[in-house]
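Presented below is the structure to which this report refers.
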Amino acid sequence: MQISGTGALVAGGASGLGEATVRKLHAAGAAVTIADLNEQKGSALAAELGHPVAFHPTDVTDGDSVQAAVDAAAAGPDGLRIAVCCAGIGWAQRVAGRRGPHDQAAFERVIAINLVGTFNVIRLAATAMMANEPAASGERGVLVNTASIAAYDGQIGQLAYAASKGGIVGMTLPAARDLAGVGIRVCTIAPGTFETPLLGALPEATRKALGESVPFPPRLGRPEEFADLALHIVSNVMLNGEVIRLDGALRMPPR
């Protein structure tokens, strides 16, 4: 898939992995729509990068909200051909413990944002992409999702987060098969420990220890490295139905 001149949507694009992806797509010549709840950060990023980057306030748990962002991204001359979903939150609580059973509302919120939100972006962006004229390769679009190595190595207290990311992993192949006939590819990146706002709140010593636990390179991943992989997926037509771990060979211990 050619990136230059192409319409792209990045859900959760106002910060972290999403922001890095917005920056890389913009640098490669895409017209990017930032879809995020954080209007202050999203608007500031769009203003910094300038046209053709635009911000659209979006709640990924709300189908109508996602549809409005998709419509905005598809309004350009080449339509919407790239959609990257980075929207997500974390939650830490054991399934049962001294505080009692795991909070149901918290579990449902993590699933709603991480899993249902990704589902909304997939289904609505794919529907818009179906209207595109196929490229020379036969492609009409590419969808890139964000899971986590927690889908495979969920740690103590990560029940909700691991379940949501495992759901994204599980959706990847059937979504790719569903959309293969119309030339839309679907892949997922499963990052390890990355320098994101979620980890940025931790003490420096804790962040250093997390980085040193990575076999190689012994550091936290950088958001631009996630973005590099996202753009490679977009560019490489043979990548489809795949979940790619991006973790420096890290396998998470129980805690």
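Things worth noting here:
- Gyration tensor verdict on segment 106-167 (Cα atoms; rounded if a/c is under 1.5, prolate if a/b is larger than b/c, oblate otherwise): oblate
- Cross-link reach is defined here as a Cα-Cα straight distance under 16 Å, omitting same-chain residues fewer than 8 places apart; for LYS41 the aspartates and glutamates meeting it are GLU19, ASP59.
- Which of ASP36, ASP247, ASP103 has the fewest Cβ neighbours within 10 Å, and the rest in rising order: ASP103, ASP247, ASP36
- Counting neighbouring beta carbons within 10 Å and listing from fewest to most, the residues HIS26, HIS232 come out as HIS232, HIS26.
- A cut-off under 15 angstrom between Cβ atoms defines the neighbours of GLY97, and their net charge, with Lys, Arg +1 and Asp, Glu -1, is +3.
- Evaluated with a Cβ-only charge set (Lys, Arg +1; Asp, Glu -1), the chain carries a dipole of roughly 780 debye about its Cα centre, given to the nearest 20.
- Amide H contacts under 5 Å for THR188: ASN145, GLU242, VAL243, ILE244, restricted to partners 5 or more places along the chain or on a different chain, H placed in the peptide plane at 1.01 Å from N.
- Gaussian network model of the chain, Cα within-10 Å springs - most flexible of PRO223, PRO101, PRO134: PRO101
- Computed [θ] at 222 nm, deg cm²/dmol, the chain (DSSP H ≥ 4; -39,500 (n - 2.57); rounded to nearest 500): -12500 deg cm²/dmol
- Other residues with beta-carbon under 12 Å from the beta-carbon of ALA175 carry, at +1 per Lys or Arg and -1 per Asp or Glu, a net charge of +1.
- Using θ = phi - 60° and Karplus 6.51 cos²θ - 1.76 cosθ + 1.60, couplings along segment 16-33 (whole Hz; Gly, Pro as x): x, 4, x, 4, 4, 5, 4, 4, 5, 5, 4, 5, 7, x, 7, 8, 9, 9
- FRET E, pair ALA135, GLU48, Förster distance 22 Å, beta-carbon r, rounded to 0.05: 0.15
- In sequence order, calculated HN-Hα J values of segment 125-141 (Karplus, 6.51, -1.76, 1.60; Hz; x Gly/Pro): 5, 4, 4, 5, 5, 4, 7, 6, 6, x, 6, 4, 7, x, 6, 10, x
- Alpha carbon centroid spacing (whole Å) that separates segment 85-132 from segment 179-250: 18 Å
- Put simply, the amide H of ALA31, placed in the peptide plane, has neighbours under 5 Å in GLY5, THR6, GLY7, ALA8, leaving out anything fewer than 5 places away on its chain.
- Between ASP64 and HIS102, the C-beta separation translates, for a Förster distance of 25 Å, into a calculated FRET efficiency of about 0.25.
- The overall shape of segment 114-255, judged from the alpha-carbon gyration tensor, is prolate: a/c is not under 1.5, and a/b is greater than b/c.
- A simple rule links phi to the HN-Hα coupling: the Karplus curve 6.51 cos²θ - 1.76 cosθ + 1.60 with θ = phi - 60°, which for segment 247-254 gives 9, x, 6, 6, 10, 5, x, x Hz, with x for Gly and Pro.
- Projecting the Cα atoms of ALA105, ASN240, LEU80 onto the charge dipole of the chain, computed from C-beta unit charges around the Cα centre, puts ALA105 farthest toward the positive end.
- Packing-based exposure ordering (other Cβ within 10 Å, fewest first) of THR206, THR58: THR206, THR58
Any read-out appearing in this document is the output of simple, stated calculations on the displayed coordinates, not a laboratory observation. On a predicted model such as this, the values are computed, not experimentally measured, just so you know. As a convention, Cβ positions derive from the backbone with ideal geometry for all residues, glycine included, and neighbour counts pool all protein chains shown.
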